[in-house]
Amino acid sequence: MEVMLRLLIALTALALPATAQNNANNDEKNGKVKWDGSAWVPCTSAESKACVPFLDRRVKWDGSRWLPCPTCTPFSARKVKWNGSEWAPCTDANPKVCAVSSVWVKAETAKLERDLQCVKQASTSAAVLRCGASRAKAITIVLEQADVVFGKARRTKALINDMMTWYEVDPKHPDAVAQGEALREFYASYRDEFKELLTAYRDFEDQDIFPKEAGPSGDDKDLYPVVDALTTALNENKEIESSMRRLRAMGFE
């Protein structure tokens, strides 16, 4: 629960401008603010005549904040980008960097709602931490999980090979029995980690962080290591499952 609460707080902080965070708490219904002489602050119902909708403020940028300007363009029509603490003016020609503020805020709000829904549906703490991840973070999560799978797979294959040798010689030998218990435990652990790898990737697909088409396009070069890792993991899983079928055919239960 503590992890979930921390994530909810973090997601809210990322998705809303600092001035809008207080507004969301204090004036959730109309999202209105007023200028108090030094900052934009939430309005109460008793001050409704002095309030304006957050996106409709007529403002100008002084280099660090938005100041009231009755003759200036409304904030909703400004091209902006999030600078870490405020929606600041954006002159970058890249449409992925700049956006009209009203469009950007709506997009961020939609993303927040999707992230919160992801949190509600998450069944494990690992799944919660995947909600709202950046693409770079998602890639790191998948590659690190793949490393765990590769390690488990290597040990599982070694145990399978040892058991096959024992079943050719003396499957009832005490060492063979002990080795068999170790294999059962490690094989189950491997399968859990492999399932977690696939689940993580699918979670990021569902959040539209990874493309859902057959493979990454030319613009998705950062995903090539992920595709390579998944391909290797899938091939190793086929090998392990094939070996386990052979071992069971030899009498292993």
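The values are calculated or read from the model by the stated rules, or taken from the named source; none is laboratory data. Keep in mind it's a predicted model, so treat the numbers as computed, not measured. Virtual Cβ from ideal backbone geometry, glycine too; neighbours counted across all protein chains shown.
Candidates GLY151, GLY180: the one that is surrounded by 12 or more Cβ atoms within 10 Å (Cβ to Cβ) and without any contact (Cβ under 8 Å) to a residue 12 or more places away in the chain is GLY151. Within segment 123-130, does at least one residue satisfy the condition of being within 30 Å of SER242 (Cα to Cα) and either part of a helix (DSSP H, G or I) or of a type outside the set (S, T, N, Q) (or both)? Yes; the residues of segment 123-130 include at least one that is within 30 Å of SER242 (Cα to Cα) and either part of a helix (DSSP H, G or I) or of a type outside the set (S, T, N, Q) (or both).
Only one entry in ASP27, ASP62, ASP92, ASP56 is farther than 30 Å from CYS118 by Cα and modelled with pLDDT under 80, namely ASP92. Within segment 202-210, can one find any residue that is of a type outside the set (D, E, K, R) and without any contact (Cβ under 8 Å) to a residue 60 or more places away in the chain? No - not one qualifying residue is present in segment 202-210. Out of all the residues in segment 192-206, is one or more within 30 Å of VAL119 (Cα to Cα), surrounded by fewer than 15 Cβ atoms within 10 Å (Cβ to Cβ), acidic (Asp, Glu) and touching a Pro at 6+ places or on another chain (Cβ under 8 Å)? Scanning segment 192-206, I find at least one residue that is within 30 Å of VAL119 (Cα to Cα), surrounded by fewer than 15 Cβ atoms within 10 Å (Cβ to Cβ), acidic (Asp, Glu) and touching a Pro at 6+ places or on another chain (Cβ under 8 Å), so the answer is yes.
If the condition is being over 17 Å from LYS238 (Cβ atoms) and polar (S, T, N, Q), then segment 120-167 contributes GLN121, SER123, THR124, SER125, SER134, THR140, GLN145, THR165. Selection within segment 207-253: residues that are at pLDDT below 90 and over 19 Å from LEU143 (Cβ atoms). The member of this set that is nearest to the chain's Cα centre (by Cα) is ASP208. THR156 meets the stated requirement of being in the same structural domain as ASN235 (by TED's automatic domain parsing) and in contact with a Phe, Trp or Tyr (Cβ under 9 Å, 6 or more places away or on another chain).
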